[in-house]
Amino acid sequence: MSGPLVGVNICVIGGGFVGLVTAAGFAQFGHKVVCLENDSARLAELQAGRVPFFERDLEELIRNNMHCNRLSFSKDLEEAVDGQEAIFITVGTPPSSSGRADLGALHEVIEVLSRSVQTGQIIVLKSTVPIGTASRVKEILASNGYGDRTVPVVNNPEFLREGTAVYDFFHPQRIVIGGDSPDAIEYVKHIYRLGMTHPVPIVVTNNATAEMIKYASNVFLATKIGFVNELAGLCDQVGVNVLEVAHAMGLDPRIGPDFLNPGPGWGGSCLPKDISEFIGQGQSHGVQLHIARAVVEANHRQFESVVDKVRKLVGELDGKQIGVLGLSFKAGTSDMRGSPTIPIISMLLEAGATIKAFDPAASREAAQLLPMIEITPQASDVAPDSDCIVILTEWPEFQLLDWWSMAERMRHRNLVDCRNLLSPEVAHHYGFKYLSTGQV
């Protein structure tokens, strides 16, 4: 098995966030890609060149490569993998009721592949999977007559950030490839190298280490966010600007500036489930991961601190109207999975408040996840008769709102800025009683 000098045939199983970015990215590299999606409604959308969620630049990338006949979509798994050199699996591994990763979708795919995979094809696990998953996949394949030498299994975890996933695919900080087949590893390396326009560190290791790298990375990022959020709480009390502290900290190369922006708490489709699985892995091996547990507890307290700030400005929440700006877990995406906005809004509702909310991308998702609140068509619509506005997501357009008009239409001029989008001076200029996240 040698590395390709030209584009190869690739099947990407899973038409979600990771799968679509991966499929479109490989197609842009010059490979011939078929992406498998088993949901008929989503498949129809994709075949029409429409992405069923918001991710910057993704829809255009998909349409361009469909137009060039390098990217197509299918529902038939056995047909889709026929004749492909590499099969990338990107199905979801959501948390189960126990908090551990649910590998049901992955196991279903592997069972089908074990009957249809061909000698010489490579199976690449791009989904975030617990340590030992690749070994289990190899056992399933071996039980059907495929050993490591005939159908190698490689781990290639993704490190895409929602909101900048397309950029991240083409400008990765590293590529991790884990496996025990040197030929298969070299083949996957060449799949990436065909389209990379600049040198990228490629970390080659075994399957289990590659699986651990993904979990360790995400748990550390959650820890970093949790630290700066607690730091912001202390800065609030002692009259220090957390933004200046974080900036100075970030200049130290041992710390770095990324993930030092305080907010309402971390969330999303990755960090909550990955830290839960990480803790579960520790428990199953008799290791108590105290820091990881503390990070989860600190994040829950951060949600509560937002509600406490609202209560500090408006008093009892019963009967109060709260305007919320931002519902997705971060700017640049419509994803509300694990968003801190959900527990925060739930706590406000439980205390008797009513909610009007706006998000420039996540209205459809919010209507399903938070049917008890009013979703407004414009950001300014959250202001009329509100007792307080809470900024929960760092959409830059919120900085450009007509805050004079917003303030004049509110019942009381109270503002809780969880993302520090406005400076205290600007907020006070508009007549707001203002609480930020660690600013003075």
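The values are calculated or read from the model by the stated rules, or taken from the named source; none is laboratory data. Bear in mind the structure is a predicted one, so any value in this text is a computation, not a measurement. Positions of Cβ are backbone-derived with ideal geometry, glycine not excepted, and every protein chain shown enters the neighbour counts.
A few comments on the model shown:
- Any chance Ala222 is under 24 Å from the mean Cα position of the chain (by Cα) and not charged (D, E, K, R): yes
- The residues in the stretch 356-397 that are surrounded by 22 or more Cβ atoms within 10 Å (Cβ to Cβ) and over 21 Å from the mean Cα position of the chain (by Cα) can be counted, and the count is 8.
- Number of positions in the stretch 226-259 that are in contact with a Gly (Cβ under 7 Å, 6 or more places away or on another chain), of a type in the set (D, E, K, R) and over 23 Å from Arg301 (Cβ atoms): 0
- Listed conditions (1) over 23 Å from Phe329 (Cβ atoms); (2) touching a helix residue (DSSP H, G or I) at 6+ places or on another chain (Cβ under 7 Å) are all met by Gly120, apart from (2).
- Helices (runs of 4 or more DSSP H) wholly inside the stretch 216-325 that include at least 3 residues being in contact (Cβ under 8 Å) with a residue 60 or more places away in the chain and surrounded by fewer than 23 Cβ atoms within 10 Å (Cβ to Cβ): 271-284, 290-314
- Candidate set from the stretch 76-97 (those that are touching a helix residue (DSSP H, G or I) at 6+ places or on another chain (Cβ under 7 Å) and assigned to a loop (DSSP other than H, G, I, E, B)); member that is surrounded by the fewest Cβ atoms within 10 Å (Cβ to Cβ): Pro94
- Lone qualifier among Gln288, Gln237, Gln281 - being at pLDDT 95 or above and under 28 Å from Gly179 (Cβ atoms): Gln281
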